[in-house]
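Any read-out appearing in this document is the output of simple, stated calculations on the displayed coordinates, not a laboratory observation. As the structure is a computational prediction, the values presented were derived from the model and not from experiment. With ideal geometry, Cβ positions are generated from the backbone for all residues, glycine too; neighbour counts draw on all protein chains shown.
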Amino acid sequence: MRVGIGYDAHRLAEGRPLVLGGVTVAYEKGLAGHSDADVVAHALMDALLGGARLGDIGEMFPDTDPRWAGSDSILLLEAVATRVRDAGWLLEDADCVVVCEAPKLAPHRDAMRRRLAEAVGVEADRIGLRATTTEGMGFEGRGEGISAHAVVLLAPA
Ligand code: MG
């Protein structure tokens, strides 16, 4: 067995859609980044690559490469999952935490779990996801950005 951990954070900005876990959430701001800046998908990708010892998403999808500009991160996650499978690892379980003061994410949680599970090719019950606030503390609490953590457990195929 292998474990992997991933973390990502992006800044909230005007005029961007808010995409989290592959789901577009109605909100006055969205996350800024080279791709769609989906912090949940990015944290999960890094956890998968970490567990499989395949480097990180910065290496796989450099943000200097115009091919990845505006990318749908769910497609990037699919590519990561394929690479991890090709390296001989199966995703047994994953758990994700989104740190976000607003908007409320609970209504979108199951849709995000389904999207992420579909992208990595597992049943939705293998993907845990929840959101928490920081009671106003830090950059997430001030509404400057959103972060996400993910852990995975991989088993040899
Ligand atoms: Mg990122």
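When the helix-only estimate is applied to the chain (DSSP H runs of n ≥ 4, each -39,500 (n - 2.57), divided by the residue count), what is the mean residue ellipticity at 222 nm, nearest 500 deg cm²/dmol?
That comes out to -8500 deg cm²/dmol.
Using the Kyte-Doolittle scale, which helices in the chain average at least 0.5 and also have C-alpha atoms spread 15 Å or more along the helix axis, with helices defined as whole DSSP H runs?
Those that clear 15 Å and a mean of 0.5 are 39-51, 73-86.
Compute, for the range 11-84, the length of the dipole vector about the Cα centre, with Cβ point charges of +1 (Lys, Arg) and -1 (Asp, Glu) only. Units Debye, rounded to 20.
80
Using all C-alpha to C-alpha distances in the range 1-92, build P(r) with 5 Å bins and read off the rounded percent in each one.
Per 5 Å bin, starting at 0, the Cα pair percentages come out as 3, 15, 25, 23, 17, 10, 5, 2, 0.
Based solely on C-alpha atoms, express the radius of gyration and the Dmax of the range 32-82 in angstrom.
10.0, 28
Can you give me the P(r) profile for the range 38-157? Cα pairs, bins 5 angstrom wide beginning at 0, each as a whole percent.
For the range 38-157, the pair-distance distribution reads 2, 12, 21, 23, 18, 14, 8, 2, 0.
Normalised by the number of residues in the chain, what is the relative contact order in percent for Cα pairs under 8 Å and 6+ residues apart?
Relative contact order comes out at 34 percent.
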